[in-house]
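Scroll down for the structure; my scribbles are underneath it.
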Amino acid sequence: MDSHSILALPSNIHLDIFHAVHENGDRILTISHVCKLWRELSVNTSIFWTHIPVDISLINSEIIFDDPLTLSPSRALEVFPWPATLLHRSGFRPIDLDIIVKTRLQLPQFDDWRFPKQGLNIPWAPAHSMILSRILAPHAARFRSVVMVSNVWHPIHFLSESLFGISMPFLEEWNVALDNSILGVFIPAGNLLPENVVLQCPVDNSPSIEVNQALYPKLTYLSLGGITHGWRRLVPRNLVSLDLSNLPLRSRPTFEELKVLLLSSKLTLEVLKLSTSAPQSVQPVPDNDKITLPNVRTLKLGLSFVENDLILVTHLDVPGLESLEICDFTNRGVCFEYHTFNDLHPQNIYLEILRNWPLMQLKCLSLESPHSYTEEDSFTLLHHDFIAGRKPSVHPPVFTTLFLNCSSLKNLRIVDPDPETLMALNVALVLQDDEPGILPCGSLDVLDIKTRNHQALAQFLARMKFYSGFKSSRITRRFIPSIILDVPPDWGAFLCRRISHGICAQLLNGQEGYFMVESGRVFNLLDNLP
């Protein structure tokens, strides 16, 4: 078919083809530059232009202004010409905002650089954030999703203020994060950021289902990273997913505030992520004061302050839990106060998890930076007990007990573990007289390990090989279909000497997809064995 025949096709056929291309990638812009017909068809089809990306590269730096508040509407649009074009082309359809702000410029005072100064090149100044908010706010009723990641405060601040109290009837996702990894600007007196007012209840109302229905009736996904809120005034109800990550320590919700927030979505919440966001302990919490979330299936915790984390773990009830992710920051020493009280040892958090959560029904478990706090001698004694065919003479380490309780676990991922955590997964125990020993997590389908400690990993694999040589009368076999090692490929030859066909069906590399051995590349390290 030649080009003339293609252009002779009916417009609806062209649009069907464009839809197929658009759904498989954002190539509609290329299509709009092919010919006049295709441009007219694509540009005038609003559904193709509902994704609105915004980043520093889209600022028109040639526009010079003194005060963004007095800039005319038409002139303001020229500062962000491509986002303004997309807003126009999308017509009245719901839109998806994707705003990424990353700048390494660090200035101490907000008021000192509110507007671009002569001779000072600021890629994204607060003035730009003001202008962007002026452009976007009139379209708030069309927002379907808002994703904003910024390493400076002002874009979040001005967009929040411009949207306060505005109804967003199509909004399904609000995902806004202050990226503290390169945080550099606008830290007001007392090192506290001001409250982010969007999604908060207007002053003359109280949060309720009625207010939520009026303002954000479709909002089901809420993610707030590094952002301060007036927690008592948050409107959203009936969320399906809630993610509170890296909240400033002095701006975290109290236990009571967190309880109110979670119970407002008690019957709908399925995914809960609280990464370094455990509630502040203002006053003692009664033992029977529980936050019961019957439908939460996925839970992520970021442990940082032991006292606060213990409150959360002790009082959070998640009877339907199937997937658990724990990121342990208590041993990193990164701006976290480490408690020295005996009853606030980080290991107590895991003890409370063992007591309170249904680990036996877990299908997926992920541990990042786990620290076992266990002496190697304990593992030596337990190993000798197994070899002698007797019950443990010492209490198994907490992590061994944790892994043993995860009896239905199918997927286990461990990132940057200490050597003792790997040992805890690989110690055989005789729990009943005249019965074979068992290894933790005997039902695994996938084991994924990411580590920089090649010696600890080699010891782990060698111990697996050792146990695979026992008869079934001595140990219940643990055969893992897939082991994925997120390690440098050139570890292949070193690790190959520590493995056997009896430990798994395939041993893969999660970093590069292959291992390097003497004979070259192999994808499954077991293929290099005789």
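The values are calculated or read from the model by the stated rules, or taken from the named source; none is laboratory data. Source: prediction; values computed, not measured. Using ideal geometry, Cβ is built from the backbone for each residue, glycine included, and neighbour counts are taken over all protein chains shown. Each accessible area value is taken on the protein alone, full model and side chains, heavy atoms only, with ligands, DNA and RNA left out. Shrake-Rupley method; radii C 1.70, N 1.55, O 1.52, S 1.80 Å.
Rounded to the nearest 5, what % of the DSSP beta bridges within the chain are antiparallel ones?
Bridges in the chain are about 5 percent antiparallel.
Would you mind pulling out the separation of the Cα centroids of the stretch 240-295 and the stretch 344-402, in Å?
What the calculation gives is 27 Å, centre to centre.
Taking θ = phi - 60°, what integer Hz values does the Karplus form 6.51 cos²θ - 1.76 cosθ + 1.60 yield along the stretch 70-77, in sequence order, with x for Gly and Pro?
Taking θ as phi minus 60°, the curve returns 9, 5, 5, x, 5, 5, 4, 4 Hz for the stretch 70-77.
For the chain, which span is the longest to avoid every loop-located (per DSSP) member of trypsin sites (Lys or Arg not before Pro) having at most 10 other Cβ atoms inside 10 Å?
By the stated rule (loop sites, at most 10 other Cβ atoms within 10 Å), 105-451.
Which one, Pro126, Gly469, Ile59, projects farthest toward the positive side of the charge dipole computed for the chain from Cβ point charges (K/R +1, D/E -1)?
Gly469
Which net charge results for the neighbourhood of Ile166, defined as the other residues with beta-carbon distances under 15 angstrom from its beta-carbon, given Lys and Arg at +1 and Asp and Glu at -1?
+3
Taking θ = phi - 60°, what integer Hz values does the Karplus form 6.51 cos²θ - 1.76 cosθ + 1.60 yield along the stretch 229-244, in sequence order, with x for Gly and Pro?
Those phi angles translate into 10, x, 4, 6, 10, 5, 8, x, 10, 6, 6, 9, 9, 10, 10, 10 Hz.
Per-residue counts of other Cβ atoms within 10 Å, averaged by peptide: what ranking do you get for 124-132, 209-217, highest first?
Averaged packing, sorted descending, gives the order 124-132, 209-217.
Which value, in Å² and to the nearest 10, is the accessible area of Ser74 when all protein chains are kept and the probe is 1.4 Å?
80
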